[in-house]
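Just below is one structure, and these are the notes that go with it.
The values are calculated or read from the model by the stated rules, or taken from the named source; none is laboratory data. Values in this document were obtained by computation on a predicted structure and should not be read as measured data. Backbone-built Cβ (ideal geometry, glycine too); neighbour counts: all protein chains shown. Heads up: the accessible areas ignore ligands, DNA and RNA and are worked out on the full protein's heavy atoms, side chains in. Shrake-Rupley method; radii C 1.70, N 1.55, O 1.52, S 1.80 Å.
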Amino acid sequence: MFGSIVEITQEGRHIAVHKGLLVIKDGSNECGRVPLDTVEAVILTAKQTTLSRPVMAALAQHNVLIVVCDNKFMPVSITAPYAVHFEAGKRMRAQAKAAAPLCKRIWKNIIQEKLRNQAQVLRYHQRQCPTVGKIELLAKAVRSGDTTNKEGQSARLYWRALIGPSFIRDPEREDCNILFNYAYTVLRTAVARSLLGAGLHPALSVYHSHRLNAFALADDAMEPLRPLADHLVLLTMRSTPSQSLSPEVKRSLAALLIQEVLFEKTTTPLYQALHHMAQSLAQTYLGGKICIKFPQLMLPEVTY
C-alpha cells in the first residue's frame, strides 16, 4: 500500500533492508516486510530498536523519514534526507529570501483554509451547531498574518463544540488527547516528507518560529489538514470507545494518509495531494505571488 507508515512498537526489533524491502526482525525471526517505495515514514515508539547506517542511508535514498516519539507519542526527533529535489538549492534560496508580506499572505491563506475545514468537520459531527456559522465568519475575517488571531478565537469555539465544554486540547494530557497527538504525528511526518520532496527546507517557516523546531514549515503547512485528522479521531473514538492507543486504533489513525480528498477537482489519497500542495508552495516562493493550493475535504453532505 502506498503512503504507508511503519511503526515499531515492540521492544528489541531490528530494522533491515533487503532487495528494496524494509524488513522488521525479532532476533532471527522475520516479523514483516514492506516495499521501500511505498513507505512514507518509520515511527519509533519502542524504547529499544536497532538499525544500521546502511539502513538509514537506504531510507534516506527513498525519502523515508525516521520519527522518534516520546511516551506521549509526540515526535521529538525527525531524521530526513539532506536533499531530494534537483532544484533544492534554488528553491531553498527563494524560500529564505521570501519577503514578510508574502509570508503573511501565505499564513492568511493557511488559516482561512483551516477555519473553513473546522467548520466543515463541525457541521458533520454536530448537526445544527451554531458555532459553525461563527467559525465561517471568522474565516472570512482573517487578515494578512492573522494579526487579530482568528485562529485562536476559532480554536476555543471549535474544541468546545466538537468534543465538549470541559475538553482542553493539551498534548500533555493522557486522555483522548493522545489520539490527536498520534494522528497529528502521522500528518506532520507526511507533510514534512512532501516539503522535502518539493525541495523546501522544513525549518524555514511561514509562521511557527521556535528556534528548536527543525520542522516549523511542516507545522505551518499541516494546519489546514488538522481538521481532517480530528474527523478521523472522532470516527475512531465512536467505533472504539477506549481512549488507549491499541494497535487497531493506531492502524485506524495511520489510515489518515489514504483518506480521499479533492485536489484541483481530482479525487486522490491525501498523501499524494500533500505532494502537490508542497509543490504549489514551492512555486509560491519561486514566483513571489500566492499560488498555494490545498487538498479539499470530502465529507458527506449533511441534511437537516
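Annotations
- Near pairs, Cβ below 6 angstrom, 6+ apart or cross-chain, from region 239-262 (without any contact (Cβ under 8 Å) to a residue 60 or more places away in the chain and over 17 Å from residue 194 (Cβ atoms)) to any residue that is open to solvent by less than 30 Å² (accessible area, probe 1.4 Å) and part of a helix (DSSP H, G or I): 240/249; 252/236
- Residue list for region 26-41, filter: aliphatic (A, V, I, L, M) and assigned to a strand (DSSP E or B): 34, 39, 41
- Top-ranked residue in region 232-252 [being of a type outside the set (Val, Ile, Thr) and not in a helix (DSSP H, G or I); ranked as most open to solvent (accessible area, probe 1.4 Å)]: 241
- Residue 227 being open to solvent by less than 20 Å² (accessible area, probe 1.4 Å) and either out of contact with any helix residue (DSSP H, G or I) (no Cβ under 7 Å at 6 or more places or on another chain) or outside any loop (DSSP other than H, G, I, E, B) (or both): yes
- One residue from 200, 204 being touching a His at 6+ places or on another chain (Cβ under 9 Å) and either open to solvent by 10 Å² or more (accessible area, probe 1.4 Å) or outside any helix (DSSP H, G or I) (or both): 200
- Residue 302 satisfies every condition listed in (1) over 13 Å from residue 194 (Cβ atoms); (2) surrounded by fewer than 18 Cβ atoms within 10 Å (Cβ to Cβ); (3) at pLDDT 95 or above; (4) in contact with a Lys or Arg (Cβ under 7 Å, 6 or more places away or on another chain) except (3).
- Remark: residue 188 falls outside the filter, which requires a residue to be open to solvent by 30 Å² or more (accessible area, probe 1.4 Å), on the phi < 0 side of the Ramachandran plot and not in a helix (DSSP H, G or I).
- Among the residues making up region 46-103, a single one is open to solvent by less than 20 Å² (accessible area, probe 1.4 Å), farther than 21 Å from residue 15 by Cβ and within 21 Å of the chain's Cα centre (by Cα): 95.
- Among the residues listed as 273, 278, 282, the single one being without any contact (Cβ under 8 Å) to a residue 24 or more places away in the chain and under 15 Å from residue 194 (Cα atoms): 273
- Taken as a whole, the structure leaves residue 23 outside the set of residues that are touching an Asp or Glu at 6+ places or on another chain (Cβ under 8 Å), in contact (Cβ under 8 Å) with a residue 24 or more places away in the chain and outside any helix (DSSP H, G or I).
- Test for residue 171: is it touching a residue at least 24 places away in the same chain (Cβ under 8 Å) and either hydroxyl-bearing (Ser, Thr, Tyr) or not in a helix (DSSP H, G or I) (or both): yes
- Condition check for residue 25: open to solvent by 70 Å² or more (accessible area, probe 1.4 Å) and touching a His at 6+ places or on another chain (Cβ under 6 Å): yes
- Just so you know, in region 253-279 the residues that are open to solvent by 30 Å² or more (accessible area, probe 1.4 Å) and of a type in the set (Val, Ile, Thr) include one that is farthest from the chain's Cα centre (by Cα), and it is 266.
- Close pairs (9 angstrom Cβ cut-off, 6 or more residues apart or separate chains): open to solvent by 20 Å² or more (accessible area, probe 1.4 Å) in region 154-165, part of a loop (DSSP other than H, G, I, E, B) and not hydrophobic (A, V, I, L, M, F, W, C) anywhere: 155/169; 159/169; 160/166; 161/126; 161/130; 163/169
- Looking across region 280-298 at every residue that is more than 24 Å from residue 231 (Cα to Cα) and out of contact with any helix residue (DSSP H, G or I) (no Cβ under 7 Å at 6 or more places or on another chain), the one that is most open to solvent (accessible area, probe 1.4 Å) is identified as 289.
- Residues within region 223-270 that are more than 17 Å from residue 299 (Cα to Cα) and not polar (S, T, N, Q), tallied: 10
- In region 1-48, the residue that is modelled with the highest pLDDT out of those that are of a type in the set (Lys, Arg) and closer than 24 Å to residue 183 by Cβ is 13.
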